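Notes to accompany the following structure.
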Amino acid sequence: MKNQTRQWVKGRIVEDINLDMQILIVDDSISMRRIVNKFLTNNGFHNLIEADNGEKALNIVKKNPIDLIISDLNMPRMDGLEFLKILKNDNCTKDIRFIMLTVEAIQKTMNRAIALNVDSYIVKPITEKMFMDEMLRVVKQK
């Protein structure tokens with residue numbers, strides 16, 4: 001049975017959120033992966049997988065049932081936009097929720113991500129509250 005909860009988490013009401021969801025964090029910066037990991041574990045999410053580029057992340061998605069992806073944009077081997085494009089063009093992965101978390105605030109890049117059906121585009125720096133509010137909004141859309 002899925003671990004669903006209706007409780008207060010860090011000052012927010014979380015209703016019927018699957019805390020057992022599998023979340024993939026993709027960023028070439030280990031410090032940024034640690035920050036996102038900490039935000040999520042602080043709020044009850046513990047099924048986390050990490051990758052340092054889109055190519056590795058794509059291999060993980062092929063082998064694991066992923067519910068949510070939180071990805072950087074600028075990474076070696078395969079960037080976040082290419083990773084997003086591949087996922088959204090595949091019937092098996094097109095419905096995975098995808099949050100782009102990046103320092104890049106260029107409108108043209110945001111528009112490309114939106115055209116590829118990104119669920120959210122968050123520009124760093126971020127606070128835990130900002131991140132979790134947006135992450136929970138995206139998860140509740142499903």
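The values are calculated or read from the model by the stated rules, or taken from the named source; none is laboratory data. Please read all numbers here as calculations on a predicted model, not as lab measurements. Glycine gets a Cβ as well: all are built from the backbone with ideal geometry, and neighbour counts include every protein chain shown.
Being within 18 Å of Phe131 (Cα to Cα) and either crowded, with 16+ Cβ neighbours inside 10 Å or at pLDDT 95 or above (or both) narrows it down to one of Asp79, Asp27, so name that one.
Working: Asp79 fails: within 18 Å of Phe131 (Cα to Cα).
Result: Asp27 is the single residue among Asp79, Asp27 that is within 18 Å of Phe131 (Cα to Cα) and either crowded, with 16+ Cβ neighbours inside 10 Å or at pLDDT 95 or above (or both).
Do the conditions hold for Arg34, that is, is it of a type outside the set (Gly, Ala, Ser), under 20 Å from Met130 (Cα atoms) and without any contact (Cβ under 8 Å) to a residue 12 or more places away in the chain?
Considered against the rule, which asks whether it is of a type outside the set (Gly, Ala, Ser), under 20 Å from Met130 (Cα atoms) and without any contact (Cβ under 8 Å) to a residue 12 or more places away in the chain, Arg34 comes out as yes.
Test Val118 against the stated conditions and say whether it is assigned to a loop (DSSP other than H, G, I, E, B) and surrounded by 13 or more Cβ atoms within 10 Å (Cβ to Cβ).
The answer is yes for Val118.
With the requirement that a residue be part of a loop (DSSP other than H, G, I, E, B) and among the hydroxyl-bearing types (Ser, Thr, Tyr), what does region 121-136 give you?
Listed by number, the list holds a single entry, Thr127.
Let me confirm something: among Asp119, Asp72, Asp133, which residue is without any contact (Cβ under 8 Å) to a residue 60 or more places away in the chain, out of contact with any Phe, Trp or Tyr (no Cβ under 6 Å at 6 or more places or on another chain) and of a type in the set (Asp, Glu)?
Asp72
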